[in-house]
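Beneath this line is the structure, given in structure tokens, with notes to follow.
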Amino acid sequence: YIRCIQVELEVIPVTKYQFIYMRFVGSCYSLGAILYFGVMHKRTEIVEFANQLIEAVIKFEGDEDCLNLNISIPKVNNSQMLPVMMYIHGGAFQNGTGSLYRPDYFMDEDVVYVSPNYRLGILGFLNTGDTAIRGNMGLKDQALALRWVKDNIQAFGGDPNNITIFGQSSGGASVHYLTLAPSTVGLFNKVIVQSGVASPSWACLSTKDAVKHTKEYANRFQRDVEDSSKLVECLRSKTVLELLEEYKDDMGPGITNRPDLEMHVFQPSIEVVNDEEAFLVEHPFQIMADGRAHRVPMLIGATADEGLCESMAMYNSDEILENYEKNWDNCVRWTFGLPEDTPNAKELAAKIKEIYFPEKSTLTKDQKFEQFTKMFSDAFFLIHLNHCISVQSQFSPVYPFYFNRRGGPSFSVIVNLLTSKGSLPVKIGKHVAAIIYNKITGNKARDYGVCHTDDIAMLFKISTIFNVPRNPQSADYNFSKDMVKLWVDFATDPTSMSFRGVTFSKQQPVKRLQYLELCENPKMIDEPFQERVYALKSLGLIKVLMARWAERM
């Protein structure tokens, strides 16, 4: 449950768009610029809001009428146009909202901040493999929001020729997608990609797999799923709640359910019809390889322990761990995004296992936890991050970062609460009691690592449980201010960036990858996971993925 209060609203005239909406249609393309975002508000004060973890977990709330955006402007009198930063929220393409990420910290800087919403899950990414439901409606919503910002942001003091889009997790993948689409050329000038690119299997489905998922889902409502027009008619006749009720069991992370089974989540996919309405008709691997991604400056990186969300679930459940080890071949195939008909899949799975779990090694549960964290980090994020930087730095300026700061708010706490055994309210009570006890005794809570999403706590005000106190004496507060300034410096002028006195240099083409390590004492470092990535690449993993994708288009 999220409650936001807006105060002191000033009406600002904007370009009006005719309101037409049809479920499962990427209307922003087929009918032109048609969405009416209404009257935007100048917010002179960012106010508190409530985000209760228990209610967020137990109750899903949403609205199909979601195509809107939020604009925030700092309370300054500035005659010059300000850089624009548009944030695309994450949530595995299934959930989330732009208003969850409060721009308080960015309002200390001279930028105009925009956060759009877009269609998610079934409504945003269903694909029938033909013209009935083309797919990628959510990405098309993002593109339309960008076009609207380009046309109207000057009315809010923003510079339409200095727009930076940024996002994290599936939001990061979305930003990367926007750099791959021909339809978005000229709509933005820089990108920040955090913890997610477009190429891993969790971010991109082949047409074949997307259609398979669509039919399996539609079969829950009717038997005839071969006729796309009847399928669409059936799904449009259902309420949103009916659609979600049949879908809710598929929305959880695969690793916390049955990692050896295919998930039926809806996400970006390759479209069949290649015309002006299409967003994506080729796999991201191919677009990157051909040098057709937009050649704009890119700030891109990941956290040190991205795979903690998945490994934490295994650590808290002997059943999940045992199931993964018992079904190693299928689970590794799922983890690394290899199609089930991949040649020599069993042999490849065995070689991957040797990288993380050498045959003669005897590991404790804690050591297995660390190795699984590395494997999930590599499979879902780091090998694709490495590939993206290596390719894109040949065509445009790329600035890699590695978020490795410990001690601040960590999403691993929330993941631990959600995946450990017991009643959630009881677990939260114990967690709060432990925090109080540690403060009294001076003890430190266990440090699991730098989890997926930990960097977001430094950039946004999200909730009381995942928040940086506005205390100038706080190390978290000062690090947050410095990191926000780095993001804003990139949006302003990426050619002269530094972080706490360390010059942030762009990646040189065809050179060993170097990252700015974001921590209390930052420095430029060689890619910290390069040994594992090189080992995976030596197995031809990227080539196998590219070849298999080409066959399944």
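Observations, loosely collected:
- Failed criterion for D482 (all others in (1) touching a strand residue (DSSP E or B) at 6+ places or on another chain (Cβ under 8 Å); (2) of a type in the set (D, E, K, R); (3) modelled with pLDDT of 95 or more; (4) within 30 Å of Y356 (Cβ to Cβ) hold): (4)
- With respect to the stated conditions, K365 is over 26 Å from the mean Cα position of the chain (by Cα) and within 27 Å of T303 (Cα to Cα).
- Annotation note: of P509, P494, the sole residue that is at pLDDT below 95 and in contact with a Lys or Arg (Cβ under 9 Å, 6 or more places away or on another chain) is P494.
- Among residues of the range 412-443 being small (G, A, S) and surrounded by 12 or more Cβ atoms within 10 Å (Cβ to Cβ), the one that is modelled with the highest pLDDT is S412.
- Within the range 244-272, if we keep just the residues that are modelled with pLDDT under 90 and among the aliphatic types (A, V, I, L, M), the residue that is nearest to E322 (Cα to Cα) turns out to be I255.
- Enumeration of residues in the range 341-358 that are farther than 24 Å from A313 by Cα and not in a helix (DSSP H, G or I): D341, T342, P343, N344
- Condition check for V510: among the β-branched types (V, I, T) and more than 30 Å from N416 (Cβ to Cβ): yes
- Selection within the range 179-199 - under 17 Å from the mean Cα position of the chain (by Cα) and surrounded by fewer than 23 Cβ atoms within 10 Å (Cβ to Cβ): L180
- K346 vs. criteria of a type in the set (K, R), modelled with pLDDT under 90 and over 27 Å from the mean Cα position of the chain (by Cα): yes
- Subset of the range 279-290 [over 20 Å from the mean Cα position of the chain (by Cα), part of a loop (DSSP other than H, G, I, E, B) and either more than 13 Å from G129 (Cβ to Cβ) or modelled with pLDDT of 95 or more (or both)]: E282, D290
- Residue count, the range 371-411 (criterion: more than 20 Å from the chain's Cα centre (by Cα), surrounded by fewer than 23 Cβ atoms within 10 Å (Cβ to Cβ) and touching a residue at least 40 places away in the same chain (Cβ under 8 Å)): 10
- The range 144-189: number of residues that are modelled with pLDDT of 95 or more and of a type in the set (D, E): 1
- Any hit, the range 304-312, residues being among the small types (G, A, S), touching a helix residue (DSSP H, G or I) at 6+ places or on another chain (Cβ under 7 Å) and in contact (Cβ under 8 Å) with a residue 60 or more places away in the chain: yes
- Test: residue in the range 206-229 that is over 16 Å from the mean Cα position of the chain (by Cα), touching a residue at least 12 places away in the same chain (Cβ under 8 Å) and closer than 24 Å to V488 by Cβ: no
- Output for the range 457-478, where each listed residue is part of a helix (DSSP H, G or I) and either touching a Ser or Thr at 6+ places or on another chain (Cβ under 6 Å) or farther than 20 Å from T303 by Cα (or both): M458
- Just one of the listed residues (L123, L100) is closer than 24 Å to A491 by Cα, among the aliphatic types (A, V, I, L, M) and surrounded by fewer than 23 Cβ atoms within 10 Å (Cβ to Cβ), and it is L100.
- Considering residues of the range 218-234 that are hydrophobic (A, V, I, L, M, F, W, C) and assigned to a loop (DSSP other than H, G, I, E, B) only, the residue modelled with the lowest pLDDT: V225
- Those residues of the range 374-411 which are hydroxyl-bearing (S, T, Y) and either modelled with pLDDT under 95 or in contact with a Lys or Arg (Cβ under 7 Å, 6 or more places away or on another chain) (or both), in sequence order: S396, Y399, S410
The values are calculated or read from the model by the stated rules, or taken from the named source; none is laboratory data. Treat the numbers as computed from the prediction; the structure is a model and nothing was measured. Here the Cβ is made from the backbone with ideal geometry for all residues, glycine too, and neighbour counts use every protein chain on show.
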